[in-house]
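The block underneath contains the structure these notes are about, expressed in structure tokens.
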Ligand code: SAH
């Protein structure tokens, strides 16, 4: 006979399959991305009062005025990144750690930066407890990137920036891809930026999106 934990587990497995089916209808075609969504327990990255809604295609508050992105946005950004196992990836905006877990599931060597100390600390513990030991969490300002670890094969930014952060451009390998939401709050788009050479970048405007703003400096006070 199953215990409650296994029954709960079965419920979430079924809901994740349903979510994957929804994402397939919405331009998410990369089988590895869909596989990562199917294997990642999003219900462990949100407030426990929202458990019943964990696999809805919706964004939720995660504290400190921040949000966990909706699964479609996570899947789209991940797909645009064209991740290949073993790549060195920089993520700006750890937040709940859900996007980090998706990239970890795909075998990335992930370096994730968060500017809110409380969120950094919770996500770091959570990712560690879940065994994602290929994620390295940093409490710092994403506008400066991680020059000591650069260059990166890929960079993913999960907060909206008014313009392209110069430091991040410099930390992208030639041939590398950066996926970043840019613009003003009511007029923001996801961009895919490819570094062609030392000086040349090719930018592709993908689609309209909503993100919390990318803010410079760090916030160490618990809110
Ligand atoms: N990827 C996250 C989404 C979090 S929302 C998830 O899956 O849950 C965006 C996050 O970016 C917030 O936690 C916010 O605090 C963080 N952020 C905003 N500006 C930042 C900056 N300059 N450096 C690092 N993190 C930043």
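Every number here is computed from the coordinates shown, using simple stated rules; none is lab data. Only a predicted model underlies this, so the values are computations on that prediction, with no experimental measurement involved. A quick note on method: Cβ atoms are made from the backbone with ideal geometry, for glycine too, and the neighbour counts reach across all protein chains shown.
What is the angle, in °, between the Cα long axis of helix 117-129 and the longest principal axis of the Cα atoms in the chain? Nearest 10 is fine, range 0 to 90.
Helix 117-129 sits roughly 60 degrees off the main axis of the chain.
Helix 71-80: angle to the longest alpha-carbon principal axis of the chain, degrees 0 to 90, nearest 10?
For helix 71-80, the angle is close to 40 degrees.
Quick check: residue separation of residue 85 and residue 61 times 0.36 nm, minus the Cα distance between them. What number comes out in nm?
Taking residue 85 through residue 61 to full extension adds about 5.6 nm, to one decimal.
What is the Å³ per residue value for the convex hull set by the Cα atoms of region 1-90? Please list the in-between numbers first.
Working: hull volume 11.2 nm³, N = 90.
Once divided by residue count, the hull of region 1-90 is 125 Å³.
If we restrict to alpha carbons, what Rg and Dmax does region 83-223 come to, in Å?
Computed over the Cα atoms of region 83-223, radius of gyration and Dmax are 14.3, 43 Å.
Ignoring everything except DSSP H segments at least 4 long, calculate the 222 nm mean residue ellipticity for the chain; use -39,500 (n - 2.57) per segment, divide by total residues, nearest 500. Each step should come with its number before you reach the end.
Working: 6 runs with 66 residues, N = 223.
For the chain, the value works out to -9000 deg cm²/dmol.
Which distance in Å, rounded to a whole number, links the C-alpha centroids of region 146-176 and region 24-42?
Their Cα centres are 24 Å away from one another.
Using only the Cα atoms, work out Rg/Rh for region 56-161, with Rh taken as the Kirkwood radius, to two decimals. Kindly include the intermediate steps, with their values, before the conclusion.
Values: Rg = 12.6 Å, Rh = 13.6 Å.
Checking Rg against Rh, the ratio lands at 0.92.
Which FRET efficiency value, to the nearest 0.05, is calculated for residue 216 and residue 10 with the Förster distance at 41 angstrom and r the Cβ-Cβ distance?
Result of the calculation: an efficiency of 0.40.
What nm distance separates the two modelled labels at residue 133 and residue 202, each placed 7 Å from Cα along Cα→Cβ?
For residue 133 paired with residue 202, the spin-label model returns 4.0 nm.
Region 83-138: percent of C-alpha pairs farther apart than 13 Å?
Working: 754 of 1540 pairs.
The calculated P(r) of region 83-138 puts 49 percent of pairs beyond 13 Å.
Any idea what the relative contact order of region 71-223 is, in percent, if you count C-alpha pairs under 8 Å spaced at least 6 apart? Before the final figure, lay out the partial values.
Values: 340 pairs, mean separation 33.4, N = 153.
It rounds to 22 percent for region 71-223.
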